[in-house]
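Trainee: Could you have a look at this structure, given as C-alpha cells, before my questions?
The values are calculated or read from the model by the stated rules, or taken from the named source; none is laboratory data. The shown structure was predicted, so the numbers you read here are calculated from the model rather than taken from an experiment. Positions of Cβ are backbone-derived with ideal geometry, glycine not excepted, and every protein chain shown enters the neighbour counts.
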Amino acid sequence: MLHRMLIVHKALAEAFGLYVRPVLIFTVFWILHAVVSVNMVLDHLFFPSLRKKHIRSPIIIVGNPRSGTTFLQRFLIDNGFGTGSRLWKMIYPSLTMQFFLKPFLPLLEKVSPAKYHASAAHKTSLTGFETDDPGILFRYFDGFFLVGFLLSWSKNDYTDMFDPDIRDTAKRDFGWWAKIWRRILVSEKQDRIVAKLFSLGVRLPRFLEEFPDAKVLYTARDPLSTVPSGLSLVTGVLDGIFGFWSLPEEKRAHFIGRLYTALLSLTLRFVKLYSEDPSLQKKVKIVTFDRMMTDFDRLMPEIVEFIGNEMTPELSETIKKTAEKQRAYKSDHKYDLAKYGLTEEQIRKDYAPFYELILNR
C-alpha cells in the first residue's frame, strides 16, 4: 500500500505540483485503516448475529460505467430483490463505527467526494447505493478507482499492476467484499446482496469459484455512448477537485488516453473470457441497454427467472409502469467525441470484438 501511495504522490506532484496535501490525505487514510480494523473486530462482540450471516446467491451487476448498471441495481433494490452497498458503509464498513457516525452523516456529506459528481450525469451521496469497487480503494488504496482517478496521471504505465494474470488480488478483494456485504446485510436487515462491480468482468471465473451461486448480470451498451459518457463523469469529478478542463491540453490528453485504454481493457478482457468459456456463458446473463430502454417489460421477467425470484402481480405491475417510462425517456446528455480526442471510427475499431460477440449477437 505504501508503494502505491508513493507512486500516486509522484504522479500528483508531476501533474499538479502537489506535495503536502497528498501526504496529509495518506496520513488520514492510514488512521482510518487502523480505526476500521479495530472496530471490525469489535463488531463480532457487539453484533453477534454477524457470525450467522452468510452471502447466499448474491446478485452481481457487471458492466462498464454508463451502461445501465445503476438503473438496474436501484430497480432491483427498490423492488425487494435485496440491498446494495451505501457509499458511507464502504468508507466506514464497521457496524460499530456506523452506529456512532450515523448522527453525523449530514456533516460528513459536506466533505464527501460524492459532492463532485454532476447530479445530471450520476446522482449520488454518502447514503446512496453505489458501485462496490471503491471499497477496495478505501481499504487497500488499490483497484480500478486508483487507476481511473489517480494513477492515470502518472508518466509511467502501471497497467501490469492491475492485470489479474500478473498480479492476482482476487483472494484479498473477494474476502473484503464478503466482509462488507455481511455487515450490510446485518445493518439493512436483508438476506441478499445486490452488488455493482464494473471492474469484475476481468475476474468473473475466479469470482464464480468463490461465489458459485452468484447470479451475474452483465450490462452492455454501445461504446459510442458509454465511452464519452464515462469520460465525462470522471473528468467532471476531477474538474471539481483539480480544475481538469483548465489544465494544459497535453496533460488532459495524457489522462484521457490512459483512462480510455483502461476502460477498453475492461471490456475486451471480459469479451475474451466470455467467448472462450461456455460455462461462463451459462452463468452470466447479458442485459443490453437498448432492451432496458425499449423492451423492459419482456426483459425483466427473464431477469427475475434467471436470479431465481418469483414474479408477483405487484412486481409485474411495477415492471409495466417502468417500461412505459423507459420507452418515453429522452436523455438530455450530448457528448462531443472530439472533446476527448476520439472519433467514431476509432471507437468502433477498438471495440469491434465487443460489438460482434456481445452487443450484436
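Trainee: Quick check: is even one residue across segment 178-192 small (Gly, Ala, Ser), modelled with pLDDT of 95 or more and within 14 Å of HIS54 (Cβ to Cβ)?
Mentor: Checking segment 178-192: at least one residue is small (Gly, Ala, Ser), modelled with pLDDT of 95 or more and within 14 Å of HIS54 (Cβ to Cβ).
Trainee: Here is a further query. Surrounded by 17 or more Cβ atoms within 10 Å (Cβ to Cβ), modelled with pLDDT of 90 or more and under 19 Å from the mean Cα position of the chain (by Cα) - does that describe any residue in segment 233-243?
Mentor: For segment 233-243, residues surrounded by 17 or more Cβ atoms within 10 Å (Cβ to Cβ), modelled with pLDDT of 90 or more and under 19 Å from the mean Cα position of the chain (by Cα): absent.
Trainee: Go through (1) assigned to a helix (DSSP H, G or I); (2) over 27 Å from ARG252 (Cα atoms) for MET311 and report which single condition fails.
Mentor: (1)
Trainee: Still on this structure: Limited to segment 176-207, what total is found for residues that are aliphatic (A, V, I, L, M) and either free of Cβ contacts under 8 Å to residues at least 60 places away in the same chain or touching a His at 6+ places or on another chain (Cβ under 8 Å) (or both)? Before you say what the answer is, go through the steps one by one.
Mentor: Going through segment 176-207, the residues aliphatic (A, V, I, L, M) turn out to be 178, 180, 184-186, 193-195, 197, 200, 202, 204.
With either free of Cβ contacts under 8 Å to residues at least 60 places away in the same chain or touching a His at 6+ places or on another chain (Cβ under 8 Å) (or both) added as a condition, the list becomes none.
Number satisfying all stated conditions: 0.
Trainee: Look through segment 317-361, keep the residues that are among the hydroxyl-bearing types (Ser, Thr, Tyr) and loosely packed, with under 14 Cβ neighbours inside 10 Å, and return whichever of them is farthest from PRO301 (Cα to Cα).
Mentor: For segment 317-361, the residue satisfying everything is THR343.
Trainee: Could I ask something else about it? Looking only at segment 173-218, filter to residues that are of a type in the set (Val, Ile, Thr) and within 25 Å of TRP88 (Cβ to Cβ); which one of those is nearest to the chain's Cα centre (by Cα)?
Mentor: Per the stated criteria, the residue is VAL194.
Trainee: Name the residue that is surrounded by the fewest Cβ atoms within 10 Å (Cβ to Cβ), counting only residues in segment 268-289 that are part of a helix (DSSP H, G or I) and polar (S, T, N, Q).
Mentor: So the residue we want is SER279.
Trainee: I'd like the full set of residues that are assigned to a loop (DSSP other than H, G, I, E, B) and either among the hydrophobic types (A, V, I, L, M, F, W, C) or within 17 Å of the chain's Cα centre (by Cα) (or both), limited to segment 151-168.
Mentor: ILE166
Trainee: Does SER49 qualify as being assigned to a loop (DSSP other than H, G, I, E, B) and of a type in the set (Gly, Ala, Ser)? Give the derivation first.
Mentor: Working: assigned to a loop (DSSP other than H, G, I, E, B): no; of a type in the set (Gly, Ala, Ser): yes.
No.
Trainee: Could you tell me which of the residues ASN64, ASN39 is assigned to a loop (DSSP other than H, G, I, E, B) and surrounded by 14 or more Cβ atoms within 10 Å (Cβ to Cβ)?
Mentor: Checking each option against the conditions leaves just ASN64.
Trainee: Taking only pairs six or more apart or across chains, which ones have beta-carbon atoms under 6 Å, a first residue in segment 274-298 that is under 15 Å from PHE75 (Cα atoms), and a second residue that is among the charged types (D, E, K, R)?
Mentor: Close Cβ pairs satisfying both conditions: PHE289/ARG221; ASP297/LYS320.
Trainee: Right, here's the next one. Before we move on, is ASP173 in contact (Cβ under 8 Å) with a residue 40 or more places away in the chain, touching a helix residue (DSSP H, G or I) at 6+ places or on another chain (Cβ under 7 Å) and not aromatic (Phe, Trp, Tyr)?
Mentor: Against the criterion (in contact (Cβ under 8 Å) with a residue 40 or more places away in the chain, touching a helix residue (DSSP H, G or I) at 6+ places or on another chain (Cβ under 7 Å) and not aromatic (Phe, Trp, Tyr)), ASP173 does not qualify.
Trainee: With the structure loaded, tell me whether PHE244 is in contact with a helix residue (DSSP H, G or I) (Cβ under 6 Å, 6 or more places away or on another chain) and either free of Cβ contacts under 8 Å to residues at least 12 places away in the same chain or closer than 25 Å to LEU87 by Cβ (or both) or whether it fails that test. Reasoning before the result, please.
Mentor: Values: in contact with a helix residue (DSSP H, G or I) (Cβ under 6 Å, 6 or more places away or on another chain): yes; either free of Cβ contacts under 8 Å to residues at least 12 places away in the same chain or closer than 25 Å to LEU87 by Cβ (or both): yes.
Yes.
Trainee: If you check ASP142 against the conditions, is it assigned to a loop (DSSP other than H, G, I, E, B), closer than 30 Å to PHE99 by Cα and either touching a helix residue (DSSP H, G or I) at 6+ places or on another chain (Cβ under 8 Å) or not basic (Lys, Arg) (or both)?
Mentor: In short, yes.
Trainee: Considering every residue within segment 45-58, establish whether at least one is under 25 Å from GLU314 (Cβ atoms), modelled with pLDDT of 95 or more, touching a helix residue (DSSP H, G or I) at 6+ places or on another chain (Cβ under 8 Å) and not small (Gly, Ala, Ser).
Mentor: yes
Trainee: Could you count how many residues in segment 205-258 are of a type in the set (Val, Ile, Thr) and not in a helix (DSSP H, G or I)? Please lay out each step first, then the result.
Mentor: So the first thing to find is which residues in segment 205-258 are of a type in the set (Val, Ile, Thr), and the list is 216, 219, 226-227, 234-235, 237, 241, 256.
Imposing the further condition that a residue be not in a helix (DSSP H, G or I) reduces the set to 216, 219.
Number of matching residues: 2.
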